[in-house]
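Structure first, commentary second.
The values are calculated or read from the model by the stated rules, or taken from the named source; none is laboratory data. This is a predicted model, so every value here is computed, not measured. Ideal geometry is used to build each Cβ from the backbone, glycine not excepted, and the neighbour counts take in all protein chains shown. These area figures cover heavy atoms from the full protein model, side chains too; ligands, DNA and RNA do not enter into them. Shrake-Rupley method; radii C 1.70, N 1.55, O 1.52, S 1.80 Å.
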Amino acid sequence: MAIFEGAGVALVTPFKENGEVNYQKLEELVEEQIAGGTDSIIACGTTGEASTMTHEEHVDVIKYVCEVTNKRIPVIAGTGSNCTDTAVYLSQEAEKYGADGLLLVSPYYNKATQNGLKIHFKTIADQVKIPILLYNVPSRTGVDIKAETIADLCLNVPNILGVKEASGNFCAIADLMYLTDGKADVYSGNDNQIVPILSLGGKGVISVLSNVAPSQTHEICQAYFDGDVKRSAKLQLDAIPLINALFCEVNPIPVKAALNLMGKNAGPLRLPLTEMEPKNQECLKKTMIEYGIL
């Protein structure tokens, strides 16, 4: 069975002005997501600024999100690293503290061959029992996990179920679904491609948009699952201006600005990320008003 179907939120990590994790606000954000119909919470992913957390913070945030969620919806922990041993450690800690699944990004900077990717992911999978999703985002990592590699892992490693696909390469995604006879759990990693991924047999989306529009993002998926493809497509297209605004600067800069505009007090970013440019923030604010969330 899939870890979840529908809209999973790639949750931001709120920080205090001094840079510490704001656990009170984190609890509030989790509760608002659950109340808004979000189908899963992804903690410590790209949007959660995991790359600038210490290992201790990383594990503590995952543990806290699991405790607050309390099995009401699945929690998927981002535990990938470009160091296999580090990814194993984070994955084991996440499993220990109650995560329902793991999200493993492909090794970045040092990269890897396709064979190296297979060994890296299999090594991690062998050290845990909970299900795993790979994360293919070549624009950030500099390496593409090929469809054949993902298919091999999904078919031969019992707890590797699928992939968050943010490559935008629909030819490769179609190849993956063909190679696995539709058995790979594919989630869109791009909010502007939810419906196209669903049309290929995808399970849903791991979403930045859900941070500010949880019910709307959930409904894009639910309408599709209910057979109302026309409505699902309309909801997808209605959200395009906001999605574009949320990615006019590198994620999660705009989505944190959006949450702060909504009074959610997500706080500042950690360097090297910086606050949103004023002209872009004005555009974001206008788009949020037009979409009806501000």
- Item | Search result, residues across region 71-88 that are part of a strand (DSSP E or B) and in contact with a Phe, Trp or Tyr (Cβ under 9 Å, 6 or more places away or on another chain) | Ile76, Ala77, Gly78
- Query: Among all residue pairs at least 6 apart or on different chains, which show Cβ distances below 6 Å where the first residue, located in region 130-159, is in contact (Cβ under 8 Å) with a residue 12 or more places away in the chain and the second is among the acidic types (Asp, Glu) and open to solvent by 20 Å² or more (accessible area, probe 1.4 Å)?
  - Reply: Ile130/Glu95; Pro138/Asp144; Ala147/Asp175
- Message: Just to be sure I understand, how many residues within region 249-294 are open to solvent by less than 50 Å² (accessible area, probe 1.4 Å) and of a type in the set (Asp, Glu)?
- Response: 1
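Rundown of residues vs (1) charged (D, E, K, R); (2) assigned to a loop (DSSP other than H, G, I, E, B); (3) open to solvent by less than 40 Å² (accessible area, probe 1.4 Å); (4) in contact with a Leu (Cβ under 9 Å, 6 or more places away or on another chain), yes/no style:
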position: Asn110; (1), (2), (3), (4): no, yes, no, no
position: Ile119; (1), (2), (3), (4): no, no, no, no
position: Lys122; (1), (2), (3), (4): yes, no, no, yes
position: Ile130; (1), (2), (3), (4): no, yes, yes, yes
position: Tyr135; (1), (2), (3), (4): no, no, yes, yes
position: Glu148; (1), (2), (3), (4): yes, no, no, yes
position: Leu155; (1), (2), (3), (4): no, no, no, yes
position: Ala172; (1), (2), (3), (4): no, no, yes, no
- May I ask you to verify whether Leu246 is free of Cβ contacts under 8 Å to residues at least 60 places away in the same chain, closer than 21 Å to Leu161 by Cβ and hydrophobic (A, V, I, L, M, F, W, C)? no
- Could you give me the residue pairs with C-beta distances under 6 Å whose first residue belongs to region 259-287 and is free of Cβ contacts under 8 Å to residues at least 12 places away in the same chain and hydrophobic (A, V, I, L, M, F, W, C), whose second residue is in a helix (DSSP H, G or I) and crowded, with 17+ Cβ neighbours inside 10 Å wherever it lies, and which are 6+ apart or on separate chains? none
- Task: Working only within region 1-29, note down all residues that are among the β-branched types (Val, Ile, Thr) and either surrounded by fewer than 16 Cβ atoms within 10 Å (Cβ to Cβ) or closer than 23 Å to Ile243 by Cα (or both).
- Result: Val9, Val12, Thr13
- Message: Is it the case, given these coordinates, that Leu200 is surrounded by 24 or more Cβ atoms within 10 Å (Cβ to Cβ) and out of contact with any Cys (no Cβ under 7 Å at 6 or more places or on another chain)?
- Response: no
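From the list Val68, Val61, Val88, which residue is among the hydrophobic types (A, V, I, L, M, F, W, C), open to solvent by less than 10 Å² (accessible area, probe 1.4 Å) and in contact with a helix residue (DSSP H, G or I) (Cβ under 8 Å, 6 or more places away or on another chain)?
Within the list Val68, Val61, Val88, the selection yields Val61.
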- Query: Do any residues in region 89-118 that are over 16 Å from Ala77 (Cα atoms) have Cβ atoms under 9 Å from those of residues that are open to solvent by less than 40 Å² (accessible area, probe 1.4 Å) and in a strand (DSSP E or B), where the two are at least six apart or on different chains, and which pairs are they?
  - Reply: Leu117/Leu134
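Hey, among Gly204, Gly189, Gly182, which residue is without any contact (Cβ under 8 Å) to a residue 60 or more places away in the chain and at positive phi? Steps first, please.
Working: Gly204 fails: without any contact (Cβ under 8 Å) to a residue 60 or more places away in the chain; Gly189 fails: at positive phi.
From the options Gly204, Gly189, Gly182, the qualifying one is Gly182.
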- Residue selected from region 95-108 under the condition over 20 Å from Asp185 (Cα atoms) and touching a Gly at 6+ places or on another chain (Cβ under 9 Å), by the criterion least open to solvent (accessible area, probe 1.4 Å): Pro107
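For region 34-57, name all the residues that are open to solvent by less than 10 Å² (accessible area, probe 1.4 Å) and either part of a helix (DSSP H, G or I) or at negative phi (or both).
Just the residues of region 34-57 that are open to solvent by less than 10 Å² (accessible area, probe 1.4 Å), to begin with: 38, 40-44, 47-49.
Selection gives Thr38, Ser40, Ile41, Ile42, Ala43, Thr47, Gly48.
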